[in-house]
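Below is one structure, written out as structure tokens, with a few remarks after it.
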Amino acid sequence: MRAAAVTEFPEESRFKALQKLPGLDRHANISLMQGITDSLDLYDWHKQATESGAAAKKNMSIIQTDEAGAETARWEIVNAWPVKYIHSGFSAKENEVAIDAMEIVCEGYTRVR
């Protein structure tokens, strides 16, 4: 979700109304989920972010594909870093796919396709 803040201030005119101007953009956090793989890239990125802060910021793309793997949409994400990493837990009794989830904060994004 992307929303612009609105700044209001009284207009000094005969209409005595509030003038509204666009403020700063606000971007909701991005949630990503995937089945656990042998790659530690997302885990290592989260670890880097919790240990060094700003050094973990990255520009990235989120690509949506169809069932055949063809790209259907793409978002370019600016200065993103993970703020939460969750794994689905460990249970030998469950017969479900283990899921990694990550919440990412960013300073901006644009849909380019």
For segment 62-80: of the residues being surrounded by 14 or more Cβ atoms within 10 Å (Cβ to Cβ) and charged (D, E, K, R), which is farthest from the chain's Cα centre (by Cα)? R74
In segment 81-113, the residues that are closer than 24 Å to E51 by Cβ, touching a Phe, Trp or Tyr at 6+ places or on another chain (Cβ under 8 Å) and surrounded by fewer than 13 Cβ atoms within 10 Å (Cβ to Cβ): none
Quick check on my filter: what residues within segment 63-84 are in contact (Cβ under 8 Å) with a residue 40 or more places away in the chain and either assigned to a loop (DSSP other than H, G, I, E, B) or closer than 21 Å to D38 by Cα (or both)? P82
May I ask you to verify whether K47 is in contact (Cβ under 8 Å) with a residue 12 or more places away in the chain and not aromatic (F, W, Y)? no
Scanning segment 34-71 residue by residue, those at pLDDT 90 or above and touching an Asp or Glu at 6+ places or on another chain (Cβ under 9 Å) turn out to be K57, N59, M60, S61, I62, I63, Q64, T65
Are there any pairs, at least 6 apart or on different chains, whose C-beta atoms fall under 6 Å, with the first in segment 85-113 and assigned to a strand (DSSP E or B) and the second surrounded by 11 or more Cβ atoms within 10 Å (Cβ to Cβ) and basic (K, R), and if so, which? E103/K84
Can you tell me which of (1) assigned to a helix (DSSP H, G or I); (2) in contact with a Gly (Cβ under 7 Å, 6 or more places away or on another chain) is the one Q48 doesn't meet? (2)
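The values are calculated or read from the model by the stated rules, or taken from the named source; none is laboratory data. Keep in mind that this is a model prediction, so the values were computed, not measured. Note that each Cβ is placed from the backbone with ideal geometry, even for glycine, and that neighbours are counted across all protein chains shown.
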